[in-house]
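Encoded as structure tokens, the structure appears first; notes follow it.
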Amino acid sequence: MAKILSVVSKAGLARVLDPVAAALLRAGVTPNAVTVAGTVGVLVGALGFATRGYLFAALVIITLSCFTDMIDGAMARRRGITNKFGALLDSSMDRIADGAIFGSVAFYYATQHQPRVVAAALLCLLTGQVVSYVKARAEGLGFTCNVGIIERAERLIGIGIGGLLWKFGVPYGLEVVMWLLAALSIVTIGQRIATVYRQANAPERVDAR
């Protein structure tokens, strides 16, 4: 369901954000600049607000900043270029942003002496990074690794839902969401490793060795 919602939301937002991408290009703004600006926005929301307990304000700032993921892609498509450095920069900024989001939640709840929520946030941080790493490493070795029950978009949607539950006073809402995200991320890691294992041990690949 999360993947379906992610695809539908991206399709709808693309129609809204494409004119923004065109306007930025006309103004001489580069996709890489938008990528970095979006990450700075996430850092402001996470480190400036979430760490002090203003989780809803952080959610709003981070959500708006994450739209840059779509805007920079739309800008690159309009320019008709495929830039390997841009792809590297985008992936690197994503890892920084994800670390800031879950790390700031862990920090705040550590100050509130709630170790279960801290553990959930840190596990989300760890597993989210590994999910991305396994795919990148697998593709670098020549394997296909487009599998997994949850990816970055779903994690961000999930933590956003958790933030809304917290805002409306749902007991343990954010904690439950983060434990669920962590569990699904562990499943995704297993799916990706298993997929690469099957490819690595396929008869044609073994014969080639």
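The values are calculated or read from the model by the stated rules, or taken from the named source; none is laboratory data. Quick caveat, the model's predicted, so the values are computed rather than measured. Positions of Cβ are backbone-derived with ideal geometry, glycine not excepted, and every protein chain shown enters the neighbour counts. For the accessible areas, the whole protein counts, side chains as well, though only heavy atoms, and no ligand, DNA or RNA atoms are used. Shrake-Rupley method; radii C 1.70, N 1.55, O 1.52, S 1.80 Å.
Summary of values
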| item | result |
| --- | --- |
| GLN114-ALA200 pseudo-label distance in nm [points 7 Å out on the Cα-to-Cβ vector] | 4.0 |
| Estimated dipole of the chain in Debye, rounded to 20 [Cβ of Lys and Arg +1, of Asp and Glu -1, Cα centre] | 220 |
| Sparse-neighbourhood loop sites, GluC sites (Glu not before Pro) in the range 129-190 - DSSP loop, at most 11 other Cβ within 10 angstrom | none |
| Accessible-area composition of the range 55-209, carbon plus sulfur, in percent [1.4 Å probe] | 66 |
| Virtual spin-label span in nm between LEU126 and THR30, 7 Å along Cα→Cβ | 3.8 |
| Highest-fluctuation residue, GLY162, GLY80, GLY190 considered, GNM on the chain with Cα pairs under 10 Å | GLY80 |
| Value of [θ]222 nm, deg cm²/dmol, for the chain, DSSP H segments ≥ 4, -39500 (n - 2.57) each, nearest 500 | -27000 deg cm²/dmol |
| Options GLY80, LEU64, TYR54, ranked by Cα towards positive dipole end of the range 52-103, top entry (Cβ charges) | GLY80 |
| Relative contact order %, the chain, counting alpha carbon pairs below 8 Å whose residues are six or more apart | 20 |
| Per residue accessible area in Å² of the chain, where ligands, DNA and RNA are left out and the probe is 1.4 Å | 55 |
| Selection from ALA21, VAL36, VAL177, by position along the positive dipole direction of the chain (Cβ) | ALA21 |
| Theoretical FRET efficiency, 1/(1+(r/R0)^6), r = Cβ-Cβ of VAL20 and TYR54, R0 25 Å, to 0.05 | 0.40 |
| Fluctuation leader among VAL131, VAL117, VAL176 - the chain, Gaussian network, Cα springs under 10 angstrom | VAL176 |
| The chain: DSSP helices with Cα axial extent of at least 24 Å and average Kyte-Doolittle hydropathy no lower than -1.0 | 2-26, 84-111, 115-140, 173-200 |
| Gain on full stretching of the segment that runs from LEU64 to THR144 - 0.36 nm per residue minus C-alpha separation | 25.6 nm |
| Listed candidates (1) 23.7, 74; (2) 19.6, 78; (3) 18.5, 59 - label of the one calculated as Rg and Dmax of the Cα atoms in Å | (3) |
| Residue of THR39, THR111, THR68 that the Gaussian network model of the chain assigns the largest fluctuation, springs spanning Cα pairs under 10 Å | THR111 |
| Inter-label distance, nm, simple model (7 Å from Cα along the C-beta direction), ARG79/SER92 | 1.6 |
